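Taken together, the values in this text are just the output of simple stated rules run on the coordinates, not laboratory data. Predicted model only: the values in this text are computed from it and were never measured. Glycine also receives a Cβ, built like all others from the backbone with ideal geometry; neighbour counts cover every protein chain displayed.
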Amino acid sequence: MAESRVPTGGSVQEAHRAVPPGDRQALPSVAILPFVDLSPERAEGHFSEGFSDEVLFSLNRIEGLRAMSRTSSFPYKDAGLDVAEIGLRLGVQHVLSGTLRREGDLLRVEAELSAIPGGARVWSGRFEREHADVFGLIDEVVDAVAGALDVPPPAHHHASVDLKAYDLYLRGRQSYFTYHRSGMLHASGLFQQCLGIDPAYAAAWAGLANCAAYLYIYVDRSEAHRERAEHASRRALELDPELAEAYASRGVALAASGRKEEAVAAFETALRLDPNLYEAAYFYARHCFAEGRLEEAIQYFEWAAALRPEDFQAMLLVAQAYASLGVPDEAERARRHGLLLVEERLKLAPEDVRARYLGANALVALGETAKGLAWARLARAADPEDSMLLYNLGCIHALAGNEAEALDCLEQAVRAGLTQKDWFLHDGDLDALRANRRFQELIRSL
C-alpha cells in the first residue's frame, strides 16, 4: 500500500530530512495573472483561473525559478493596473498574462510574457487544442514559457482526468482557498461530486482530506470529520504515491488524529518530493508550533515564507515563535515585515478577515494597541461566530492586557468548535492568562 512509503517509527532527527530551498530571492521570478475568460457566455471564469493555477503549479516545480503564489498574484485580476505596475508591486522580473476562449470542444489560449520593469513584451504565443486535451495544452504553454525564461521545463505529471471531474475539482479549489468554514463545506461537497465522477482522482481525495481536517480542527470536532480526513488522505496516497500534496494532506489528517510522529514523517516526505510545496512547509510549521517545538516551527515557517515571500501568515506566526523563545529582535523584525505584507493584502482584499486579525495581533505586540484593537473589532464584525477568529481575538486581548475579554473570546471559540488543546498549551500569546482559574478550567475542558 502507498501508506507504507511513510516511515512510522523513530524521531524526525533519525529520518532522512527534506532539504530546504536555497536563497529563492536570487532566482529568476515570474508572477502569473489569472487568464481572462473570453468565452462567448463568459461562463468559464473558474476554468480560466484553474488553467492559470495549473500553469503556476507546473512553473513552480522548476528548481531554478521562483513563481509567485496565487495568493499574491491572483488578487490583481481585477485591480485595474497594467502588468508593469503589478510586477513592481510583486517584486518579480516577469509577468505572465493571457486569455482563454472556449467554443464548443475547442480551447484557444493566448499568452504573453512581460519584462519588469517597463512591461515590454519578451514573448507571446497562441495555442489551440481540443478541450479533451486540456492538460496537453497546459504542458505546451508551460514548456514555451520555460523556454522564454531560459529555464529547463518541468517534468510533467498530469494523469488522465475526466473533464467534468476536473471542472468540479477547480471549483472546489476555488472555494477551499477562501480558508473559511462555509468555503470548506462548499469545497468538500464539490470534491465529493468530483470523486463521484472519477473515484481515482488523487488530488481531489487530498482536497477532501484537507477540508475534513480543517473542519475537525477548527469548526466541529466530530468523529465524522476526522474519519473522513483519515480515509481521504489514505486514499490519495494509494492512488498516487508520488503526489506531494497527498502526503501534506496526510500529515494534517494524522496530526488531527493525534498520530504525531507519523504526521512528522508525512510532512517530511511531502517536502522531499516537492521542496517548493508551500502547504507542506506551512502546515508542518503549524504542527511543530502546536507541539511546542518552536525551533523547528521557526525553520518551517521561514521555509514557507521563502516559498511565498508575499505570505503574511508564515511571517507573523514565525514572529510569535521568536517571541516565545525570547528572541525579541527577530520577533519585531518579522512582525514589522508581516504588517507590511498584511497592509498590501488589505489594499487588494479589504474583506480578508484573517489578514485583519493577524495584523491586529502584530500591532498590539508592537505596542500599537489602540490600532490593533480597532482592527480586531473590524475583524469580529465581519464574522463574529468563527472559531479561529475568536481564538485569535483571545490572543490579541491577552497581549493587550484585557484578561476578562480574552477569556470570553477563548471560551466562545471552544463553544464554536475549536478544541485544539496543544495551541492553548503552547501559544505564548496566552502566557498572561495561565494563572487565571477560568483559563485553567478551560484547558481542563478540552
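Quick notes
- Calculated [θ] (222 nm, deg cm²/dmol) that DSSP helices of n ≥ 4 give over the chain, each run adding -39,500 (n - 2.57): -19000 deg cm²/dmol
- Going from the residue with the fewest nearby Cβ atoms within 10 Å to the one with the most, S48, S445 rank S445, S48.
- Longest DSSP-loop-exposure-free segment, trypsin sites (Lys or Arg not before Pro), the chain, at most 11 other Cβ within 10 Å: 43-446
- Calculated from backbone phi, Karplus (6.51, -1.76, 1.60) coupling profile of the stretch 439-446 in Hz, x at Gly/Pro: 5, 4, 5, 4, 4, 5, 7, 7
- Oblate is the label for the stretch 171-264. Its Cα gyration tensor axes, ordered a ≥ b ≥ c, give a/c of at least 1.5 and b/c at or above a/b.
- A straight line joining the Cα centroids of the stretch 343-389 and the stretch 214-270 runs 29 Å.
- Alpha carbon convex hull of the stretch 29-150, projected area averaged over orientations, nm²: 6.8
- For the stretch 221-267, the list of GluC sites (Glu not before Pro) that fall in a loop by DSSP and count at most 16 other C-beta atoms within 10 angstrom reads E242.
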